[in-house]
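What follows is a short report on a single structure.
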Amino acid sequence: MDIILLQRIEKLGSIGDVVTVRDGYARNFLLPQKKALRANDANKKVFEANRDRLESENAERRSEAEKQGENVDGTEIVLIRASSNTGQLYGSVNVRDIVSGLAEKGHEIDKKQVIMGNPIKALGVHEVRIDLHPEVHVTVKANVARSEDEAELQSQGVDVMAQMFEESRETEGFTEEQDRTLEPGEIPADMLEGNDEDEAARDGASA
């Protein structure tokens, strides 16, 4: 389907561009949300008659988004979650968690503006994109940790997960030193309750 864009759409074009998209994408997303018009003769005339107003309104929204972006960009939110010893979360961090975390910091963000792709499922500091306007994108940080102390370490650049893996590896690799001269299953002499030297000492003492 050929459409006229009423705002910039990433990977498609800018205001006024006539582009071809799949029918389903146009009917289910672009047209209902008034991001585009069908590219017929009537709509082309309507668009041209309103082009100046649409571009002016878009510029105003972009300016407001840029001001908001100056405050939001780089914001770090701390999300405390339980995880396994390998750093995998019991659950996940989703869009709603990001919106809630930013709200606690005083940033009102709509869930539609949060671009995550997939939920966060591991400890660490993760970058999350926020689209404040079709032409204004900022990045916030989701610091996912098991405690406030770990979150502080991660904020300072410490790789807590790497430490966890190292501690786990050292624990798993610990074994008692073995006497290589012994036969399999043989008990070292100094571990026996009564060895020959002890018996000899007892015999001498009784004589």
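When both residues are 6+ apart or on different chains and their Cβ atoms are under 6 Å apart, which pairs have a first residue that lies in the range 142-160 and is in a helix (DSSP H, G or I), and a second that is small (G, A, S)?
Cβ pairs passing all conditions: A151/A145; Q154/A145.
For residues that are of a type in the set (D, E) and under 17 Å from the mean Cα position of the chain (by Cα), scanning just the range 106-146, find the one that is surrounded by the most Cβ atoms within 10 Å (Cβ to Cβ). Don't jump to the end; show me each part of the working.
Applying the first criterion (of a type in the set (D, E)) to the range 106-146 yields 108, 110, 127, 131, 135.
Filter once more, so that each one left must be under 17 Å from the mean Cα position of the chain (by Cα): 127, 131.
Working: E127: 9, D131: 17.
Ranking the candidates gives D131 first.
Taking the condition at pLDDT below 95 and of a type in the set (A, V, I, L, M, F, W, C), does L102 pass?
So L102 fails the test.
Among the strands (runs of 3 or more DSSP E) lying completely within the range 1-99, list those that include at least 3 residues that are surrounded by 12 or more Cβ atoms within 10 Å (Cβ to Cβ).
Working: elements: 2-5, 18-20, 36-38, 76-80, 88-93.
Result: 2-5, 36-38, 76-80, 88-93.
Does the range 83-93 include one or more residues that are in contact (Cβ under 8 Å) with a residue 12 or more places away in the chain, of a type in the set (V, I, T) and within 30 Å of R8 (Cα to Cα)?
Yes, the conditions are met somewhere in the range 83-93.
Quick check, is G106 out of contact with any helix residue (DSSP H, G or I) (no Cβ under 7 Å at 6 or more places or on another chain), outside the structural domain of Q7 (by TED's automatic domain parsing) and of a type outside the set (S, T, Y)?
Values: out of contact with any helix residue (DSSP H, G or I) (no Cβ under 7 Å at 6 or more places or on another chain): yes; outside the structural domain of Q7 (by TED's automatic domain parsing): yes; of a type outside the set (S, T, Y): yes.
Considered against the rule, which asks whether it is out of contact with any helix residue (DSSP H, G or I) (no Cβ under 7 Å at 6 or more places or on another chain), outside the structural domain of Q7 (by TED's automatic domain parsing) and of a type outside the set (S, T, Y), G106 comes out as yes.
The values are calculated or read from the model by the stated rules, or taken from the named source; none is laboratory data. The structure displayed is predicted, hence computed values, not measured ones. Glycine also receives a Cβ, built like all others from the backbone with ideal geometry; neighbour counts cover every protein chain displayed.
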